[in-house]
Amino acid sequence: HQLFFHFPVSLLDVIELVYGDTVSSEMLETQPYLSKDLTKAWNQASGGERQRALVAGTLLKKNSLTLLDEPFNHLDHRSITQMQKCLESFSSQNSLIVTSHDYPPTLSQEGFVQLKLHRADEVLGEFA
């Protein structure tokens, strides 16, 4: 059985819900991995479009610490590359923790710690 329900909001509505306020077009331009059609209904969007909307709303908040759990799930190669660049830019000015089973191999590893079996197994990059 598949459960179908109507969630009468668009991708933009979800971004604004996560962000907590209205989002301008200039703000959205800082998130290049977003779908071009943000008026698409949430329940008609792909898993990748939904994932990108949730991550965008979170990154736009610019909290002092942001935790993203598996942000690369459901994304195609092009979207992963775009999100990598956005996360690298975001993390240059904000604290960011990303959990991922398979972080993209081209993601800059400066300032990253790899955890294995609940301990820091390998430090990648230089730390002050």
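Its relative contact order, with pairs defined as Cα atoms under 8 Å and 6+ residues apart, puts the stretch 2-78 at 37 percent.
In this structure L65 has an accessible area near 100 Å², from a 1.4 Å probe over the protein heavy atoms. Our coupling estimate for the stretch 9-20, obtained by passing each phi through the Karplus curve with A = 6.51, B = -1.76, C = 1.60 and θ = phi - 60°, is 9, 9, 4, 5, 4, 5, 4, 5, 5, 5, 5, x Hz, Gly and Pro reported as x. Rounded to 0.05, the FRET efficiency of the N94 and D13 pair, given R0 = 35 Å and the Cβ-Cβ distance, is 0.90.
Legend: calculated FRET efficiency, L67 to T30, from the Cβ-Cβ distance at R0 = 22 Å, rounded to 0.05, equals 0.65. Surface calculation, 1.4 Å probe, protein heavy atoms: V18 sits at approximately 40 Å² accessible.
The values are calculated or read from the model by the stated rules, or taken from the named source; none is laboratory data. Owing to the predicted nature of the structure, the values given are computational and were not obtained by experimental measurement. A quick note on method: Cβ atoms are made from the backbone with ideal geometry, for glycine too, and the neighbour counts reach across all protein chains shown. Protein only, heavy atoms only, side chains kept; ligands, DNA and RNA dropped before computing areas. Shrake-Rupley method; radii C 1.70, N 1.55, O 1.52, S 1.80 Å.
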